[in-house]
Amino acid sequence: MKEAIRFTFIALIIVLIIISTVMWPIYGFSIIGVLIFAIGLNDLFQKKHAILRNFPVLGNMRFLLEMIAPELHQYFIESDTDGKPIDRNHRTYVYTRAKLGKETHPFGTELNVEAENYKWMQHSIYPSPILKEAPRQVVGGKECTQPYSASIFNISAMSFGALSKNAVMALNLGAKAGNFFHDTGEGGISDYHLKGGDLVYEVGTGYFGCRTEDGNFSPEEFKKKAAIPEVKMIEIKISQGAKPGHGGVLPAAKNNEEIAKIRGVKPHTAVISPPGHTAFSDAEGLLRFIQEMRELSGGKPIGFKLCIGSKDEFSEICKKMVETGIKPDFITVDGAEGGTGAAPIDFTNYVGMPWEKGLIFVVDTLNGYDLKKDIKVITATKIITAFDILKALCMGADICNSARGMMFALGCIQALRCDTNECPTGVTTNNPGLMRGLVVEDKRKRVKNYHEKTVAEFLELFAATGCKKLSDLNRSFIFKQVETDTKCYEDLYPTVQEGSLLENKSELIN
């Protein structure tokens, strides 16, 4: 609605300018004068806005400027490096790769290399040959009968409903063309996900697509969804970085009949998932649920996704893995900086462990309980560039996912209207008039291009380290500016030795 008002207001101004130009010689100021008088009279006697009552006509400028403030800030005020949440340089990085544009940058870095938290990688004067094919990671432990070979760079969880059907189709077709996976998000599997791309079926606290009428987990419905050939892995969403401890939110404006049918809810209502799962309530319950899902899916890889809050709770999960012998095939680590279409502001700003510390903690804890060798770690928070991938792998991750990077490849301009159903590029809206701007045939190529070019650049960075295989990467390759000194990640976060957290070293898992 606000978007319609905005365009109507702009159109009205244009019409007034045209009328004034044409009629000026005949009527002079009379037309403009009448219009200004009418606006002023309305402002003077309306009761909703104090600014307009006290400053008729002139006060409207405040609302006009407020309406276009995001555009003014993004295009005329912010620099290339200070935009939030993703700066212009990173957005341009995605756009140029998605469009196969110029990838070089002239005249040196724009970053302040002496600034706190500046990060850089160690290179070798004896670089390795660039790999001809990108390495892949096999996900699936001993109990998994259908392991999956995953790209190191994939599409992170974004639901149909949060994204438009055109966006979902373009992502899936891009994943198919580039041979990487597409995480469905917790909104269930729609027909738009089934265009041939590999899927990770995410099951959240609302159990969309596999729920009973009262909203609990339905083994029968899950078994049907897990049997879909495109579904290669299943991810239990415990929490996400943008709103950990809070269920997913689909605003009523975006919940149309089609989306409601897929999710099994009432249309045109706000869909707020429960904060926690009803299928389990403790660490052992989570592992038993993983075991049940693995059996129901016919042995496909099962994992869970979380943003770390309580360290003790994650440690308890690891202890139960050792006790029961039940392990997930993968764990996806999100950070508090994670993105979302809609979240309460305090959850976005102040809840959850930041990505870097969260990822390090998960990797170290798994190592400490001698579990890391059996469990792949996937990570997803502001993974945009090839360096982001290299840094994550050096910290201990095995696979990286990107949501906002893939959105930029679709044409997202960071208009920050994801929760209004008024996305101007058609990425996060089901408004047909706006969605038509996202042409699937064109944008699927851009998604594939972005993935391909980013992985290719990763291979160049990887060769520059002098490493021969992914397992050679470690924390000693990444450095961070800390106050007036530079420290490598191995010094900042010393690697925890395998099995060092086990109370009885004889418990080491073979």
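What follows is calculated from the coordinates using simple rules that are stated; it is not laboratory data. Given the structure is predicted, the values throughout are model-derived calculations rather than measurements. Ideal geometry is used to build each Cβ from the backbone, glycine not excepted, and the neighbour counts take in all protein chains shown.
Considering every Cα-Cα pair within the range 267-355, what fraction, in whole percent, is farther apart than 18 Å? Walk me through the numbers on the way to the answer.
Working: 2149 of 3916 pairs.
Roughly 55 percent, once rounded to a whole number.
Based only on other Cβ atoms within 10 Å, what is the fewest-to-most ordering of GLU114, GLU235?
Values: GLU114 9, GLU235 25.
So the ranking, lowest neighbour count to highest, is GLU114, GLU235.
How much length is gained if the chain between SER124 and ALA227 is pulled fully straight, taking 0.36 nm per residue apart and subtracting their Cα-Cα distance, in nm to one decimal?
Details: separation 103, 0.36 × 103 = 37.08 nm, distance 4.67 nm.
Between SER124 and ALA227, full extension yields an extra 32.4 nm.
Calculated from the structure, semi-axes √(5λ) of the Cα gyration tensor in Å equals which of (1) 45, 28, 22; (2) 39, 28, 20; (3) 39, 27, 25?
For semi-axes √(5λ) of the Cα gyration tensor in Å, the calculated option is (1).
Using only the alpha-carbon atoms, how far is helix 165-178 inclined from the longest principal axis of the chain? Give it as 0 to 90 degrees, nearest 10.
The angle comes out near 40 degrees.
Quick check for me: using +1 on Lys/Arg Cβ and -1 on Asp/Glu Cβ, what's the dipole size of the range 136-501 about its Cα centre, in debye to the nearest 20? Spell out each step's value before the answer.
Values: 44 positive and 45 negative charges, 209 e Å.
Taking the Cα centre of the range 136-501 as origin, the dipole is about 1000 debye.
Over what distance in Å are the Cα centres of the range 92-119 and the range 164-229 separated?
34
Could you give the distance between the Cα centres of the range 407-469 and the range 350-395, to the whole Å?
Centre-to-centre distance over Cα atoms comes out at 23 Å.
For GLU202, GLU460, what's the fewest-to-most ordering of other Cβ within 10 Å of each Cβ? Write down the numbers at each step before the final one.
On the way: GLU202 26, GLU460 12.
Neighbour counts put them in this order, fewest first: GLU460, GLU202.
Near LYS99, which lysines are there with a Cα under 17 Å away, not counting those fewer than 8 places off in the same chain?
Hits, sequence-local ones excluded: LYS443, LYS445, LYS448, LYS453.
For each of SER159, SER190, SER500, count neighbouring Cβ atoms within 10 Å of the residue's Cβ, then give the residues from fewest to most. Could you put the intermediate results ahead of the total?
Numbers: SER159 25, SER190 21, SER500 12.
Exposure proxy ranking, most exposed first: SER500, SER190, SER159.
Out of ASN474, ALA134, PHE45, whose Cα points farthest toward the positive end of the dipole of the chain (charges: +1 Lys, Arg; -1 Asp, Glu; placed on Cβ)?
Towards the positive end, the residue furthest out is PHE45.
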